[in-house]
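Take a look at the structure below.
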Amino acid sequence: MKAFSKDDDTSTPPAAIAYILGGYFLFAFLDTSGKYLVLSGLDPLFVAWMRFAVHLVIVVLLFRAWRHPGRLRAQNLPAQILRGIFLFGSTIFNFMALRYLQLAETTSIYFFGPMVITALAGPLLGEWAGWRRWMAIVVGFAGVLVITRPGVGVFGIGHVLALGSMLSNSFYVIMTRRMGARETAESLILYSALAPVVLLLPTLPATASMPPDAWHWLVLFLPGVFGAFGHWFLIKAYQRATATALAPYPYLQMLWMIGLGWLIFSQLPDGWTLAGAAIIIASGLYIVHREHRLRVKMRAGLDSGAQELAKKL
């Protein structure tokens with residue numbers, strides 16, 4: 001297999017595309033199974049705890065933790081815990097939001113996350129966005145307003161919870177970017193599940209409930225399976241291509257969410273949701289395009305600078 005260069009934004013092997021599509025396909029089923037369980041009467045906290053408990057078991061088995069304990073060692077344990085809390089916040093807010101909203105609605109609001117990350121990357125990571133990307137963020141926020149329509153009786157607790165999920169995930173991604181150079185991929189995926197499992201143990205006596213039948217028991221285990229293998233697929237994808245090269249593909253999740261919402265819950269998004277989603281996706285793709293162009297210009301500038309230096313030596 002041809003070696004992948006992190007500096008090559010144009011290198012997008014088919015395997016990387018397959019992994020990224022597979023990961024978000026599994027995430028679509030994660031949300032669908034979570035919504036199904038919550039609507040069946042199970043407590044969202046218990047469903048979220050089970051999602052991370054199963055995830056944790058699979059990760060330990062997948063990475064054979066007993067053979068390579070060094071790969072799972074945390075360099076900054078408090079940061080790993082905080083990152084895990086943000087991922088849990090994203091999950092629990094999402095499961096709670098799905099009690100009120102369609103799959104396509106929560107996904108559309110979630111797609112605003114990359115724009116929030118672009119805005120937060122300035123003060124938190126020192127990666128400041130230019131005015132064009134800020135305009136794309138404003139346009140993307142307009143798409144969120146189209147979906148939620150505050151002031152006309154549509155905006156409700158479900159939208160608040162979906163926004164909370166999106167914000168939690170944005171901070172989770174920011175922390176992942178900050179910690180990625182110091183922590184191993186194995187430790188990042190392990191502690192993102194371990195922290196919620198341990199911290200939520202005291203809530204189980206009040207939230208745990210027995211599923212009514214074998215089918216619901218099976219579905220209760222599925223979110224952890226989908227989550228664990230979904231995150232593993234993402235790791236494999238980003239080992240083969242840059243985040244910029246893969247950025248457009250997660251937006252295809254909207255198609256799967258619409259299809260699953262129709263098949264499982266007999267729900268189809270209205271025109272406002274589709275219009276808002278289109279605005280958000282277009283804004284997100286513009287930011288991806290802009291960041292790619294800026295990265296190409298920076299490399300071209302470095303290359304020309306190196307050539308001028310070589311002439312002087």
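The values are calculated or read from the model by the stated rules, or taken from the named source; none is laboratory data. Because the structure is predicted, anything quoted here is derived from the model rather than measured. Here the Cβ positions follow ideal geometry from the backbone for every residue, glycine too, while neighbour counts run over all protein chains shown. Areas reflect the complete protein model, heavy atoms only, side chains present, ligands, DNA and RNA absent. Shrake-Rupley method; radii C 1.70, N 1.55, O 1.52, S 1.80 Å.
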Seminar exercise, completed: Every listed condition ((1) of a type in the set (Gly, Ala, Ser); (2) open to solvent by less than 20 Å² (accessible area, probe 1.4 Å); (3) at pLDDT 80 or above) holds for GLY122 save (3)
Exercise. Of ALA104, ALA129, ALA79, which residue is assigned to a loop (DSSP other than H, G, I, E, B) and among the hydrophobic types (A, V, I, L, M, F, W, C)?
Worked result: ALA129
For this session: Please indicate, with yes or no, whether at least one residue in the range 261-274 is in contact with a Leu (Cβ under 6 Å, 6 or more places away or on another chain) and modelled with pLDDT of 80 or more.
Result: yes
Exercise. Does LEU218 satisfy being in a helix (DSSP H, G or I), farther than 26 Å from GLY41 by Cβ and free of Cβ contacts under 8 Å to residues at least 40 places away in the same chain?
Worked result: no
Problem set entry | Sole residue being under 22 Å from ALA275 (Cα atoms), assigned to a helix (DSSP H, G or I) and in contact (Cβ under 8 Å) with a residue 40 or more places away in the chain, chosen from ALA162, ALA195, ALA245 | ALA162
Seminar exercise, completed: Picking from PRO269, PRO250, the residue that is farther than 15 Å from GLY34 by Cα, over 19 Å from the mean Cα position of the chain (by Cα) and open to solvent by less than 60 Å² (accessible area, probe 1.4 Å) would be PRO269
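Okay, residues lined up against (1) within 19 Å of PHE27 (Cβ to Cβ); (2) among the charged types (D, E, K, R); (3) open to solvent by less than 50 Å² (accessible area, probe 1.4 Å):
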position	(1), (2), (3)
ALA185	yes, no, yes
ILE189	yes, no, yes
ALA193	yes, no, yes
PRO196	yes, no, yes
LEU200	no, no, yes
THR203	no, no, yes
PRO212	no, no, no
VAL219	yes, no, yes
PHE226	yes, no, yes
For this session: Check ARG178 against each of (1) over 30 Å from HIS68 (Cα atoms); (2) assigned to a helix (DSSP H, G or I); (3) open to solvent by 40 Å² or more (accessible area, probe 1.4 Å) and name the one condition it does not meet.
Result: (1)
For this session: Please work out if HIS68 is open to solvent by less than 10 Å² (accessible area, probe 1.4 Å) and closer than 19 Å to TRP232 by Cβ.
Result: no
Problem set entry | Which listed residue, of SER108, SER90, is under 24 Å from LEU274 (Cβ atoms), within 19 Å of the chain's Cα centre (by Cα) and open to solvent by 10 Å² or more (accessible area, probe 1.4 Å) | SER90
Exercise. Just a yes or no: is a residue in the range 15-34 over 23 Å from ARG240 (Cα atoms), open to solvent by less than 20 Å² (accessible area, probe 1.4 Å) and either charged (D, E, K, R) or not in a helix (DSSP H, G or I) (or both)?
Worked result: no
